[in-house]
1. 5 Å is the cut-off here: which amide hydrogens, built 1.01 Å from N in the peptide plane, fall below it relative to Leu138, excluding neighbours closer than 5 in sequence?
2. Probe radius 1.4 Å, ligands and nucleic acids ignored: give me the carbon and sulfur share of the accessible area of the range 27-143 as a rounded percent.
3. Once fully extended, how much extra length lies between Thr125 and Ala103, figured as 0.36 nm per residue of separation less the alpha-carbon to alpha-carbon distance?
4. Work through the residues other than Cys95 whose Cβ is under 14 Å from its Cβ and net out their charges, Lys, Arg +1 and Asp, Glu -1.
5. Given the peptides 98-109, 54-65, arrange them by the average over their residues of other C-beta atoms within 10 Å, most packed first.
6. Given the Cα atoms of the range 63-156, and with Rh set as the inverse mean 1/r over their pairs in the Kirkwood sense, what is Rg to Rh to two decimals?
7. Hey, what do the phi angles of the range 133-150 turn into as Karplus ³J(HN,Hα) couplings, whole Hz, using 6.51/-1.76/1.60 and θ = phi - 60°, x for Gly and Pro?
8. From Cα coordinates alone, what are the radius of gyration and Dmax values for the range 23-122 in angstrom?
Amino acid sequence: MEFQPLPNFYLVTLSILLLSSFHAQAKVSFKYCDKKADYAVKVTGIEISPNPVVSGKPVTFKISANSGQAIYGGQVVIGVSYVGVTVHTEKIDLCKEVSCPVANGNFLLSHTQTLPAITPPGSYTLKMTMKDDKDKVLTCITFNFKIVLGSLLSDM
């Protein structure tokens, strides 16, 4: 007797694969820190992979942006808050994340980091401020992301 798979089996499998890949790299909504500011760098999108973030595993934050001017250097200041309390701050050399000088136009800022396995699950807020080499704020955004325990995701 030959096994004949059900046609629905393929549809269900394809649906699961599509949903899991969509979920793993979903776009993230963000807000500018000062809604009235005319920032030189405009953020056009944010992707977090995986999303939700898994404690103890690497996570990549990709920020797509557009600059109205060339950027010759600077820094990215990151602040992460959990239930309103700052739990992590970091300053990153902009030229270690993108090739400097950044030409006028579109660019991608990508940063990968592994969170400690003991990072509590829950909702977090990240504030990113990008400054040029003269310490002038080029952009400032905030966005939320979620962290889950690594063992919960690996059991699925």
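The values are calculated or read from the model by the stated rules, or taken from the named source; none is laboratory data. Just so you know, these numbers come straight off a predicted model, no measurement behind them. All Cβ positions, even for glycine, are placed from backbone atoms using ideal geometry, and neighbour counts span all protein chains on display. Accessible surface areas use protein heavy atoms only, side chains included; no ligands, DNA or RNA. Shrake-Rupley method; radii C 1.70, N 1.55, O 1.52, S 1.80 Å.
1. Close amide H contacts, sequence-distant or interchain: Met130, Lys131, Asp132.
2. About 53 percent, which is the carbon plus sulfur part of the accessible surface.
3. 5.0 nm
4. -1
5. My ranking of the peptides, most packed first, is 54-65, 98-109.
6. Result for the range 63-156 is an Rg/Rh of 1.04.
7. 6, 9, 6, 7, 5, 8, 6, 8, 9, 10, 7, 9, 8, 10, 10, 10, 5, x
8. That works out to 14.6, 41 Å for Rg and Dmax.
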